[in-house]
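The values are calculated or read from the model by the stated rules, or taken from the named source; none is laboratory data. For clarity, every value in this text was computed on a predicted model and none was experimentally measured. Every residue, glycine among them, receives a Cβ derived from its backbone with ideal geometry; neighbour counts consider all protein chains shown. Side chains included, ligands, DNA and RNA excluded: accessible areas come from the protein's heavy atoms. Shrake-Rupley method; radii C 1.70, N 1.55, O 1.52, S 1.80 Å.
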Amino acid sequence: MSTDQETYQSYRIPVPEEFETVFSHFYFAANTSKNTITKTLLPSFQTMMVFNFGTPALLISKEKAKISIGNCLVLGPVKQAFSYTLLPGTQLLIANFKADAFYRFFGRPHLSGHQTMDPDELLLDNCFHYLWQQLNEIDDVAEKVKFILNFCKPYLRSQDDVAALLFHFQSGPLNPVKSVAEQIGHSERNIQLIHKKHFGFSAKELSRYERFIKAIGFIQQLASSTEKVNWFEIIEECGYYDQSQLIHDFKHFINTSPKKFLKFQRDVCRASDG
């Protein structure tokens with residue numbers, strides 16, 4: 001848990017083993033102060049369902065567009081950083097979908113970029129409004145999570161066979177699309193389409209993101225120590241061609257330079273870390 005003089009609370013909640021292919025974790029954040037608190041969330045390539053049990057919060061895109069979070073909305077997959085503002089009294093509980101889990105719930109392609117939607121519109125039902133009302137009556141955050149997990153069981157579809165192969169693919173530098181296509185005798189184009197449909201992004205996009213997140217990890221590790229950041233070491237370790245490519249990825253994903261990120265990284269949150 002992290003706190004800011006008992007005014008900002010944030011922590012992650014792990015999920016039981018049976019849901020490990022569905023959610024990476026749940027995340028809780030609350031502003032108990034009298035001041036507005038703004039944080040930046042790094043891209044996670046996850047789709048999120050956000051429940052709010054207090055004052056409406058705000059999402060702010062890099063284009064400065066503001067989106068109000070009322071009771072519940074779906075966001076993602078999050079491919080670029082955005083800021084979020086917690087007003088006094090905001091209490092957020094966020095379900096982070098893993099890989100193809102969003103598709104398994106809703107049976108339709110993911111949202112694009114920072115697009116948001118009321119989840120009831122995805123199912124043409126008002127079940128999530130009903131769910132929010134029930135959750136709002138539960139005080140304990142861990143109990144809220146248990147209620148959500150039990151609620152979602154009937155909606156979850158079995159994992160597609162090809163999506164499962166892509167999900168579990170762990171062959172290092174090999175191209176997952178090419179390898180799975182060869183394994184099952186499909187064209188690479190067909191596997192690319194399945195990847196995009198079920199995960200909400202291409203394998204190429206994911207590879208670029210994973211390289212960037214690896215660089216972020218190096219920077220944050222060095223920032224917490226007394227060592228000076230060796231940018232050329234990061235470039236080599238993370239598989240960048242040169243410094244300009246590293247800078248280009250930082251501009252693309254979080255709209256800032258690596259050096260500026262190093263300076264302000266304490267105000268940045270990672271969905272994967274909580």
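Going by the conditions given, is ILE194 at pLDDT below 90, at negative phi and surrounded by 15 or more Cβ atoms within 10 Å (Cβ to Cβ)? Judged against the criteria, ILE194 is not a match. Across region 225-238, the number of residues qualifying as under 17 Å from LYS260 (Cα atoms) and part of a helix (DSSP H, G or I) comes to 4. What residue, among those in region 153-186 that are acidic (Asp, Glu) and without any contact (Cβ under 8 Å) to a residue 24 or more places away in the chain, is nearest to SER207 (Cα to Cα)? Of everything passing the filter in region 153-186, GLU182 is nearest to SER207 (Cα to Cα).
Every residue, every condition in (1) at pLDDT 90 or above; (2) over 24 Å from the mean Cα position of the chain (by Cα); (3) open to solvent by less than 70 Å² (accessible area, probe 1.4 Å); (4) closer than 19 Å to THR40 by Cα, yes or no:
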{"site": "ILE219", "(1), (2), (3), (4)": "no, no, yes, yes"}
{"site": "SER224", "(1), (2), (3), (4)": "no, no, no, yes"}
{"site": "GLU236", "(1), (2), (3), (4)": "yes, yes, no, no"}
{"site": "LYS260", "(1), (2), (3), (4)": "no, no, no, yes"}
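Residues that are within 17 Å of LEU93 (Cα to Cα) and either part of a loop (DSSP other than H, G, I, E, B) or among the aliphatic types (A, V, I, L, M) (or both) within region 32-48 comprise THR32, ILE37, LEU41, SER44, GLN46, THR47, MET48, listed in sequence order. Yes or no: PHE51 in contact (Cβ under 8 Å) with a residue 40 or more places away in the chain, part of a helix (DSSP H, G or I) and in the same structural domain as ASP140 (by the TED database)? So PHE51 does not fit the description; no. The set of residues in region 26-54 being surrounded by 15 or more Cβ atoms within 10 Å (Cβ to Cβ) and of a type in the set (S, T, N, Q) consists of ASN31, THR32, SER33, THR40, SER44, GLN46, THR47, ASN52. Of the set (1) part of a helix (DSSP H, G or I); (2) more than 16 Å from the chain's Cα centre (by Cα); (3) modelled with pLDDT of 90 or more, all apply to TYR241 but (1).
Which members of region 5-25 meet the condition of being open to solvent by 30 Å² or more (accessible area, probe 1.4 Å) and either of a type in the set (Gly, Ala, Ser) or part of a loop (DSSP other than H, G, I, E, B) (or both)? Break it down stepwise before answering.
First pass over region 5-25, keeping only residues open to solvent by 30 Å² or more (accessible area, probe 1.4 Å): 5-7, 9, 11-12, 14, 16-18, 20-21, 24.
Matches in region 5-25: GLN5, GLU6, THR7, PRO14, PRO16, GLU20, THR21, SER24.
In region 199-224, the residue that is farthest from LYS259 (Cα to Cα) out of those that are without any contact (Cβ under 8 Å) to a residue 24 or more places away in the chain and touching a helix residue (DSSP H, G or I) at 6+ places or on another chain (Cβ under 6 Å) is SER202. Annotation: ALA181 fulfils all but one of (1) modelled with pLDDT under 95; (2) in a helix (DSSP H, G or I); the unmet one is (1).
Of all residues in region 135-164, those satisfying the criterion of being in a helix (DSSP H, G or I) and open to solvent by 60 Å² or more (accessible area, probe 1.4 Å) are ASN136, GLU143, LYS146, PHE147, ASN150, LYS153, PRO154, TYR155, ASP161.
Checked against the criterion of being modelled with pLDDT of 90 or more and over 17 Å from ILE148 (Cα atoms), the candidates ILE69, ILE37, ILE13, ILE60 yield just one match: ILE37. In the condition set (1) modelled with pLDDT under 85; (2) in contact with a helix residue (DSSP H, G or I) (Cβ under 8 Å, 6 or more places away or on another chain); (3) open to solvent by less than 40 Å² (accessible area, probe 1.4 Å), PRO109 is compliant with all but (3).
Considering (1) in contact (Cβ under 8 Å) with a residue 40 or more places away in the chain; (2) of a type in the set (Ser, Thr, Tyr); (3) not in a loop (DSSP other than H, G, I, E, B), the lone condition that SER68 does not fulfil carries the number (1).
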